[in-house]
Amino acid sequence: MKAVEIHHYGGPEELKYEEAEIPAIHPDDVLVRVYASGVNPIDWKIRRGDRQSDQGPTLPRILGWDFSGVIEKAGDKVTTFKAGDEVYGRPDIMRDGTYAEYVAVRATEIARKPQSIDHKAAAGVALAALTAWQGLFEKGQLQAGQRVLIHGASGGVGTFAVQLAKWKGAYVIGTASGKNTRFVEELGANEMIDYETTDFSSQVKDIDVVFDTRGGEVQQKSLTVLKPGGIIVSTVGIEDEAAIKAKGLRSAAYMAQSRTKDLQQIAELIDSGKVIPVISKIFPLKDAAEAHRLGEKGHVRGKIVLQVKE
Ligand SMILES: NC(=O)c1ccc[n+]([C@@H]2O[C@H](COP(=O)([O-])OP(=O)(O)OC[C@H]3O[C@@H](n4cnc5c(N)ncnc54)[C@H](OP(=O)(O)O)[C@@H]3O)[C@@H](O)[C@H]2O)c1
């Protein structure tokens, strides 16, 4: 099969479009013919060699952990899906990924693809939407009527977080650069703050849940806008948990998990029109290096996707 692999950690030029073996499946896996693959920051973090604990198998390895496609073959123990099913999901990051014509993925990590969107749009959903869902609803326990502050509201995770928080009935405040504030309001944010011109910590207060996709100074300042007992949930890690606790606040860092049940609920929200995936650019699989160069700048609106099958 065709795949994009790395043989060495390093820059985007390490992404090689070449022949690779079709992966073997375990009894609880399905083999998926990948139609499109999402592109996510974890891809360049692993490509660069930043994530020692997530490096997974030895090199060469195939990057990409976000797909939409069609099941080619189901393992002997799989009863929930069969060949021909259109599915999407986020495979295990410790295994080879989805920048390839085929991927082996556990049946518990996939769901039926949303029917109202094509494979290219569906490929950008699983990783980012699961992250938003689990951060807001499991870690943050966000409730209707609460105030949530979402940093990076125009990004891959942020565009889902804004729409999911709105669907839940929360009052949604987001941060993004000026070119994106109107766009995120159209997605459902009640208020947007342009981080290039305005310090959010001087503008907002009484926040129940901060959803942090940035870390650093953004995380530090976010502590000043939380209500007593409020929670900061971060996709990039919590820097000083003890200091947060000492202020009477709560925090949670997490790694999103891929689960059929969560993916099903997300697909239903997409099919009912309550959540729309934002795909800003589609590259052919062979141009994965270009996709990384663009994504790594950190200012893509929504998602980048690689088209694998015409
Ligand atoms: N823990 C997990 O399971 C998990 C899962 C997914 C992602 N993550 C991590 O979460 C982070 C975000 O992921 P992502 O996919 O959303 O990334 P992304 O799509 O690359 O984020 C890009 C967005 O960030 C915005 N942004 C840049 N600087 C900002 C700032 N100072 N304040 C507010 N917004 C800013 C940009 O908006 P402008 O263009 O308007 O500047 C852009 O829309 C990454 O570090 C990723 O690795 C973790």
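Cβ under 9 Å from ILE207's Cβ, ILE207 left aside: what net charge do those residues give with Lys, Arg +1 and Asp, Glu -1?
Once positives and negatives cancel, what remains is +1.
From the square roots a ≥ b ≥ c of the eigenvalues of the alpha-carbon gyration tensor of region 33-147, which class results: rounded (a/c under 1.5), prolate (a/b over b/c), or oblate?
Oblate is the answer for region 33-147, as a/c is 1.5 or above yet b/c matches or exceeds a/b.
Computed over the Cα atoms, what is the radius of gyration of region 192-310 divided by 2.2 N^0.38 Å, N being its residue count?
Cα Rg divided by the expected 2.2 N^0.38 Å: 1.33.
When the distances between all Cα atoms of region 140-223 are binned every 5 Å from zero, what whole-number percent does each bin get?
3, 17, 31, 28, 17, 4, 0
With a 10 Å cut-off between alpha carbons and a GNM built on the chain, which of ILE244, ILE71, ILE231 moves the most?
Result for the chain, Cα springs under 10 Å: ILE244 fluctuates most.
How high is the relative contact order of region 1-132? Use alpha-carbon pairs under 8 Å, at least six apart in sequence, and give a whole percent.
31
Can you give the Kirkwood hydrodynamic radius for region 249-310, in Å, rounded to one decimal and based on Cα pairs?
Over region 249-310, the inverse of the mean reciprocal pair distance is 14.4 Å.
Evaluate Rg over Rh across region 120-271, taking Cα atoms for both radii and Kirkwood's formula for Rh.
In region 120-271, Rg relative to Rh is 0.95.
Need one number for the chain: average projected area of the convex hull over its C-alpha atoms, nm².
Its average projected convex-hull area is 15.1 nm².
If Lys and Arg each add +1 and Asp and Glu each add -1, what is the summed charge of the other residues whose beta carbon sits under 13 Å from the beta carbon of GLY124?
With Lys, Arg at +1 and Asp, Glu at -1, the neighbours total +3.
Just add up the charged neighbours of ASP85: K/R +1, D/E -1, any other residue whose Cβ is under 15 Å from the Cβ of ASP85.
Net of charged neighbours comes to +2.
Each value in this text was obtained by applying a stated rule to the coordinates, not by laboratory testing. Keep in mind the model is a prediction, meaning the values are calculated, not measured. Neighbour counts are summed over all protein chains in view; Cβ atoms, including those assigned to glycine, are modelled from backbone coordinates with ideal geometry.
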